[in-house]
Structures are given as structure tokens and as C-alpha cells.
Amino acid sequence: MDCASARPAREQLAEVLVDLSRMFTGLAIRSVSAAPVEVTVPQHRLLVLLETTGPQGVGVLAGELGVDPSNGTRLCDRMERLGLVERRRRRTDRRAVTVHLTPSGRDLLEFVSTYRRRELLAVLADIDDDDVAPMTELFARFAAAARTSSPRTDDRGRDRPCERPPAQIPACDANALGSCLGFWRRSARSGRDASRGQVATIVSRSGSSVPR
């Protein structure tokens with residue numbers, strides 16, 4: 001399939017993903033709001049950064065969060081008062097201070113992840129077991145392509161244009177993923193009353209090579 005004929009499929013898939021991203025944003029906000037300790041989404045993101053990257057200096061965390069160092073300091077101050085992070089001086093350089101995730105911070109992250117997983121499983125309950133494998137494969141391909149996308153900002157913090165490497169999802173897979181996401185989007189909106197998924201059939205009709 002040439003680029004001209006592949007473009008509409010990818011554009012349609014992008015529209016479905018934009019719509020789905022709004023639902024994921026809503027899920028993210030609900031899960032953070034339900035946490036036993038009152039935190040905001042940016043504060044939760046700070047905890048996620050510490051969990052994934054390990055202890056960091058305030059300046060590094062501020063850069064990752066896209067805020068200036070003073071705002072980063074205030075953010076860490078509040079999180080420390082809540083008992084979710086703690087500052088420690090480095091043994092090799094007593095002047096350097098790093099921010100660490102506390103056990104309470106890890107518990108909060110686990111609570112939020114469990115909340116999200118429970119909501120997603122409620123949606124996935126309407127999908128046939130045989131459909132899970134091909135759907136997982138398609139999402140894995142999308143995730144791999146997304147991870148290789150260009151950084152959103154340059155070294156001065158300015159927004160980059162949306163640049164991606166050559167398409168890594170074949171057009172037939174884009175069709176299949178778009179159809180799968182469309183079903184999931186409808187299921188999420190209508191709840192458990194949604195009709196059962198036909199993902200494997202969708203993949204087959206799209207001509208995708210994704211195995212059942």
C-alpha cells in the first residue's frame with residue numbers, strides 16, 4: 001500500500017487516539033482525585049518521575065515537569081509536608097540534596113495504578129478472550145512507535161514541530177488498531193452494556209498480519 005492510500009487510515013487512527021486520550025485524561029484525573037492523600041495531577045507526576053528515574057535533584061525534577069526551579073522547590077516542599085517525598089544530602093557531596101520517594105509515596109502510586117487498572121478492566125470485560133491477544137499486539141506496536149517519537153521540546157524548552165520517524169505501523173495495522181480503538185471508545189462511553197468485541201474479526205478484515 002502506497003503512502004497516499006495509507007494516509008487516510010493513519011489520519012483516522014489519529015482522530016480515534018485523540019478522542020481516546022481525552023478519556024485517559026479523565027481517568028487520570030479521577031484516579032488521582034480518589035487518592036487517600038489530596039494531590040494534584042502534576043504532584044502525582046512528580047511521584048511517578050521519582051519512581052521511574054530514582055532520586056533526583058530539585059532542578060532536574062523541575063526541568064522534567066516543565067516548571068522553573070522555584071516552582072519545583074515549592075512543589076517538593078508540599079510533597080515533603082505530606083510525607084510523600086523526603087530530601088537527603090548526598091554522602092559524597094553534603095551540599096547536594098536529592099529528593100526521594102517515601103513508602104507513603106509508593107503506596108499512593110500503587111493506589112492510583114490499582115484504581116486505573118480496575119476501570120480499564122471493566123471496559124475490557126466486554127471484549128472476548130480470543131480478541132485480547134491481537135489487540136495487545138496492536139497496542140504494543142503503537143506504544144513502540146510512540147516511544148521513538150521526537151522530544152516535544154528542544155534544548156531551550158521551546159515546542160518542537162510534531163516530527164516522527166517513518167511510519168512504523170503498516171497501513172493495514174493502522175486500520176485494525178483504529179477499529180479496535182473505536183470499539184473500546186464506544187464501550188467506555190456506554191459501559192458494560194456495550195456489545196461484545198469482534199477484534200479478531202476486525203484485524204482479519206483489515207488485512208493485518210497480526211496473529212490471532
| query | R30: at pLDDT 90 or above and assigned to a helix (DSSP H, G or I), yes or no? | reply | yes
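Could we say that R147 is surrounded by fewer than 11 Cβ atoms within 10 Å (Cβ to Cβ), modelled with pLDDT of 50 or more and not hydroxyl-bearing (S, T, Y) here? Show your work before the answer.
Values: surrounded by fewer than 11 Cβ atoms within 10 Å (Cβ to Cβ): yes; modelled with pLDDT of 50 or more: yes; not hydroxyl-bearing (S, T, Y): yes.
When the stated conditions are applied, R147 passes them.
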| query | Restricting to region 34-73, what's the tally of residues that are outside any loop (DSSP other than H, G, I, E, B) and more than 22 Å from R89 (Cβ to Cβ)? | reply | 9
| Just checking, which of V85, V99, V112 is of a type in the set (V, I, T), in contact with a Lys or Arg (Cβ under 9 Å, 6 or more places away or on another chain) and crowded, with 16+ Cβ neighbours inside 10 Å? | V99
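The values are calculated or read from the model by the stated rules, or taken from the named source; none is laboratory data. Fair warning: this is a prediction, and the values are worked out from it, not measured in the lab. Quick reminder, even Gly has a Cβ in these numbers, built from the backbone with ideal geometry, and neighbours come from all protein chains shown.
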